[in-house]
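The values are calculated or read from the model by the stated rules, or taken from the named source; none is laboratory data. What you are looking at is a predicted structure, and each value in this text was computed from that prediction instead of being measured. Cβ coordinates were reconstructed from backbone atoms using ideal geometry, including for glycine residues, and neighbour counts include every protein chain displayed.
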Amino acid sequence: MKIDRIELFHLAFPLEKPFYPAWIPGYPQTVNRFTLARMTTDEGVQGLAAGAAFSSERAGLGDLLGPYLIGLDPCDIETGRQRIREASYLGWRNYWLEAAFWDIKGKVEGKPLWQMLGGDSDRLSAQQRLPVYASTGEIHPPEQRAEEVLALGEQGFDTVKLRVHDFDAEEDIRLVRTVAEAVNGRLQIGVDANQGWRVALIDDAPLWGLDRAAYFADACADLGVAWLEEPLDMHAWDDLAELRRRSRVPVAGGELNDGWHEFRVMLEKGCFDIYQPDATFGGGISDAKRVQCACAAQGLHFAPHTWSNGFSMVVNLHVHASGAMDHPLEYPIEPPGWTPKFRDALLTEPVLADENGTVAIPTAPGLGIEIDENQLKRHGEKFFDLSSKGLAIKTIREKGLFTALRLARKKRRR
Ligand SMILES: [Mg+2]
């Protein structure tokens, strides 16, 4: 079986109300944008993948991808990963595409992704759902945030993550203390400092060093915080390891780190207690799985980042379900701007938490995602469509018939 056609779409879903991400101070997000890839094999099996986008920055991606991916066996994940990596030498990283390969492979084998990744079928069939934590995304005044956290507790969540992003450490601590006192031990609180990939695009953003992180970690420990996330730059590995040695609260992070070659060193240095690679960003599904296995072997925790769109939620849900699930999974929610309905707007079935703070583990083959074709028509714009026939014509035009035939022969032999 071969990949015969690649289609790429820009997707843009306007949010009902602007969302103000804590990690980009001053920036009102009004649209959830991503690139959708649909790969179709010569047997008609389709695989889907989506990557978060700022705008239409991937407009030229198809011209780069076509020659790398058309003609590949989609069930040969290793070669697919190698080609995605090769394309990144000329473009930017595109590990989000790996999901489409697994989607096809799962449909061919009749297995959900978590099962292909080694998830325990007996346990998951019996369990059917897995626990999530409510991941808030904005900075709100402490008293307001305390009320919102209590409301999330009433909705069924037993763990909620806060954001802190103030220049004054005491303000950050006041926020956490106000919430901790309000919940009084009835809920677990995680705190994300979003220092891993600090963005100061609109307003200036605080920049933490080891001392600020250690001071804040101390306060978190005194307030019973369950974990402190991204307290330092994602590449400040020595400082992260030092912070973890000093900290009485578990340290988490890694959401945008670039795959196994980075995580291997971070594990050796002892950067985190909880590793959070996002399988749709750096390293893809296979590297996230590798980090998960290493965490299990070393007695560490694993809980992937999921914040961006419904695909990230579902792909990381599969990866999470294939492992120990010894930490709840991130469930982005910050109404009225960021809601599951908008996060998952392209999916026919959004991932929804129930009254026990759990989500369903997908059972359909592959990713188990059905996209809503009406939503795709309404909010999507196809900007690339290439089949193997189209690629052959393009190659003949650019390189001449003789060379095109020689290249095709070589490709067939691989
Ligand atoms: Mg985070």
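For region 304-328, the candidate set comprises residues that are more than 11 Å from the chain's Cα centre (by Cα) and over 17 Å from Q115 (Cβ atoms); within that set, the residue that is surrounded by the most Cβ atoms within 10 Å (Cβ to Cβ) is H327. Residue count for region 175-226 under the criterion of being over 19 Å from D238 (Cα atoms), surrounded by 21 or more Cβ atoms within 10 Å (Cβ to Cβ) and within 14 Å of the ligand (Cβ to nearest atom): the result is 3. Out of the residues in region 122-162 meeting the condition of being out of contact with any Lys or Arg (no Cβ under 9 Å at 6 or more places or on another chain) and within 16 Å of the ligand (Cβ to nearest atom), tell me which one is farthest from P25 (Cα to Cα). Per the criteria, the residue is V132.
Matching residues to (1) closer than 13 Å to P362 by Cα; (2) basic (K, R); (3) assigned to a strand (DSSP E or B):
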| position | (1), (2), (3) |
| --- | --- |
| A99 | no, no, no |
| D103 | yes, no, no |
| Q115 | yes, no, no |
| S125 | yes, no, no |
| V132 | no, no, yes |
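Tell me, yes or no, whether region 356-374 has at least one residue that is over 30 Å from G118 (Cβ atoms) and at pLDDT below 95. Looking through region 356-374, none of the residues is over 30 Å from G118 (Cβ atoms) and at pLDDT below 95.
Among the residues of region 34-52, the ones that are more than 22 Å from P74 (Cβ to Cβ) and surrounded by 20 or more Cβ atoms within 10 Å (Cβ to Cβ) come to 0 in all. Close contacts from region 18-32, counting a first residue that is among the aliphatic types (A, V, I, L, M) and a second that is within 16 Å of the ligand (Cβ to nearest atom), with Cβ to Cβ under 7 Å and a gap of 6+ residues or different chains, come to A22/G137; A22/E138; A22/I139; A22/R163; A22/H165; A22/N194; I24/V199. In the condition set (1) crowded, with 18+ Cβ neighbours inside 10 Å; (2) within 23 Å of M116 (Cα to Cα), A252 is compliant with all but (2). Among the conditions (1) under 9 Å from the mean Cα position of the chain (by Cα); (2) modelled with pLDDT of 95 or more, F281 misses just one, which is (2).
How many residues are touching a Leu at 6+ places or on another chain (Cβ under 7 Å) and part of a helix (DSSP H, G or I) when one looks only at region 160-183?
Number satisfying all stated conditions: 7.
For region 245-262, a residue qualifies if it is of a type outside the set (D, E, K, R) and over 18 Å from Q195 (Cβ atoms), and the qualifying residues are G259, W260, H261.
Please enumerate the residues belonging to region 140-159 that are without any contact (Cβ under 8 Å) to a residue 60 or more places away in the chain and part of a helix (DSSP H, G or I). Selection gives P142, E143, Q144, R145, A146, E147, E148, V149, L150, A151, G153, E154. Once region 353-373 is narrowed to residues that are among the acidic types (D, E) and farther than 20 Å from P332 by Cα, the residue that is surrounded by the most Cβ atoms within 10 Å (Cβ to Cβ) is D372.
For region 227-242, residues that are over 26 Å from V314 (Cα atoms) and either in contact with an Asp or Glu (Cβ under 6 Å, 6 or more places away or on another chain) or away from the ligand (no atom under 16 Å from the Cβ) (or both) total 6. Of the residues in region 342-352, at least one is surrounded by fewer than 16 Cβ atoms within 10 Å (Cβ to Cβ) and touching a helix residue (DSSP H, G or I) at 6+ places or on another chain (Cβ under 7 Å).
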